[in-house]
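Worksheet: one structure, shown below.
Every number here is computed from the coordinates shown, using simple stated rules; none is lab data. All figures in this text were calculated on a predicted structure; none of them were measured in a lab. Cβ coordinates were reconstructed from backbone atoms using ideal geometry, including for glycine residues, and neighbour counts include every protein chain displayed.
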Amino acid sequence: MNKFEEYCTKFVQNIGFKEGAVSPTIVSSASFAYGTPEIAEGIFNGSVKKPLYSRMGNPTTARLESIMAEIDGAIGAVATSSGMAATTLATMSLLSSGDEVISIGGLFGGTYSFFSETISRFGVKTSFFDVDEFEKITQAISEKTKIIFLESVGNPNMQLPDIKKIAAIANNAGVALIVDNTITPLSISPIALGADIVVYSTTKVISGNSSALGGCVAFRAINEGNDKFKSKRYDFLTNFIKNTGAMALIPNAKKRALRDFGMSANAHASYQTMLGLETLALRLPRVVKSIEIITEELSKSGLNINHPSLKSHPQHSRYLEQFSNGCGTLFTIDMQTKERAFEFLKRTKIATITANIGDSRTLALHMASTIYSDFDAHTRRFLGITDGLIRVSVGLENPQDIIDDFLNAAK
Ligand SMILES: *Cc1c(COP(=O)(O)O)cnc(C)c1O
């Protein structure tokens, strides 16, 4: 059974309650009363499992976290206030000044700027590689390298990485692999492919209706015997491993990122995210099917379409072999010039012009004038941003309606 079928059952069965309120309860309290000083002491030293304070964890959010952990075969997950917060939590809980990051593939704008501009200010150096530069990636790993970071699908360059092969490189070198799986939840299981940490923006297809900003980070268990996180490279984890064993990456991330940076999810967003999650396993396969029909038709009509399901895509065979459940909701149209792209966006009646992706509605955006407007020409070229590039996120509409509308808009 593929994961879509498996989770059609699991989501609806696990998100609601069988007694009392059916829909998940929203606990919006910021703080929690401990009752006695003994219980307070126990909560703070970890021997009593009760909520401490909503920055460190919230009962509504905990329900979302346990479901998100299960999707990825993770030992646990930490929900955050946004997808960028998830990337910040996952990376900053492993990095110190002087460390290095290797970043692979076409990166989401915020992530690119986080690595290239923001964390460089704190003495962390990031080098960037294309998905298939395996030799260069291997050579770039030094003893200072703490993280290899990659996106399951390049947004918006639509490059598909060989996650298994990159995980083998990371594991051979003893370096943590973090995969941003925002575009391909359920379709791709990074931990099963050898990754250590998975980050999500739940804002996108997971909640699916633009109702809640959120993120989530799922962590694999630390192995009992040998484990790369027990090496000198990650010696700051020694005490966490001694005290919490397989869970160690989670208390480390909570202490570093939630306690000290405070990028915590709020209960209302976690609730909205769970409502979306209930139908994820229905929505995503529909879009994956639609997108193959739409991109095929539009490309036959002479439009310049980029999607791995097309034979013209450089990673088409990888799409067939390693992405059998599709590669998410995105494709791009290159209209050649900004003027023609704007004309298309003014004429489409179906697409909503917005920076979001993964919504139930079809969305579109001209890349160079918006998300990438403050990037220089060299960086845009590296990220695959051409002058006429429109990113489309396919929604739940009838695919023929989208085809008709887009052909009319492109006239
Ligand atoms: C949107 C997005 C993010 C950032 O998520 P926010 O919830 O907007 O902070 C990170 N990675 C990818 C691939 C995204 O599409």
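Highest mean first, what order results for 148-154, 364-370, 6-12 on Cβ atoms within 10 Å? The partial results should precede the final answer.
On the way: 148-154: 25.9, 364-370: 19.0, 6-12: 16.6.
Ranked by mean Cβ neighbours within 10 Å, highest first: 148-154, 364-370, 6-12.
How many angstrom separate the Cα center of region 372-411 from the Cα center of region 59-113?
Cα centroid to Cα centroid, the span is 27 Å.
So between residue 9 and residue 411, what do we pick up on full extension, going 0.36 nm a residue minus the alpha carbon distance?
On the way: separation 402, 0.36 × 402 = 144.72 nm, distance 4.36 nm.
My answer for the length gained is 140.4 nm.
May I ask for the percentage of alpha-carbon pairs in region 1-159 that lie more than 28 Å from each other?
43 percent
Could you give the angle, 0 to 90 degrees to the nearest 10, between helix 280-300's Cα long axis and the longest principal axis of the Cα atoms of the chain?
30 degrees
List the extent of the Cα atoms of the chain along each of their three principal axes, largest first, rounded to whole Å.
Rounded to whole Å, the extents work out to 72, 55, 40 Å.
Just how far, in whole angstrom, is region 247-265 from region 160-176 if you go by their alpha carbon centroids?
25 Å
In the chain, what percentage of the DSSP-assigned beta bridges are antiparallel, given to the nearest 5? Mind showing how you got there, number by number?
On the way: 23 of 43 bridges.
Counting DSSP beta bridges with both partners in the chain, the antiparallel share is about 55 percent.
Just for region 281-409, what percent of DSSP beta bridges are antiparallel, to the closest 5?
Around 85 percent of the beta bridges assigned by DSSP in region 281-409 are antiparallel ones.
Between 29, 54, 393, where does the largest GNM mean-square fluctuation fall for the chain, given springs only between Cα atoms within less than 10 Å?
Answer for the Gaussian network model of the chain: 29.
Between 43, 163, 141, which gets the highest mean-square fluctuation from a Gaussian network model of the chain, Cα cutoff 10 Å?
Among 43, 163, 141, the largest mean-square fluctuation in the Gaussian network model of the chain belongs to 43.
With respect to the cross-link table entries 311/349; 50/242; 18/50; 3/349; 164/230; 3/49, which display a Cα-Cα separation exceeding 24 Å?
311/349; 3/349; 3/49
Apply the Karplus curve 6.51 cos²θ - 1.76 cosθ + 1.60, θ = phi - 60°, to the phi angles in region 231-246 and return the couplings in whole Hz, x for Gly and Pro.
So the Karplus estimates, Gly and Pro as x, are 8, 4, 3, 10, 4, 5, 8, 3, 5, 5, 5, 4, 8, 10, x, 4 Hz.
Between residue 343 and residue 28, what is the spin-label point distance in nm, taking each point 7 Å from the Cα along the Cα→C-beta axis?
4.9 nm
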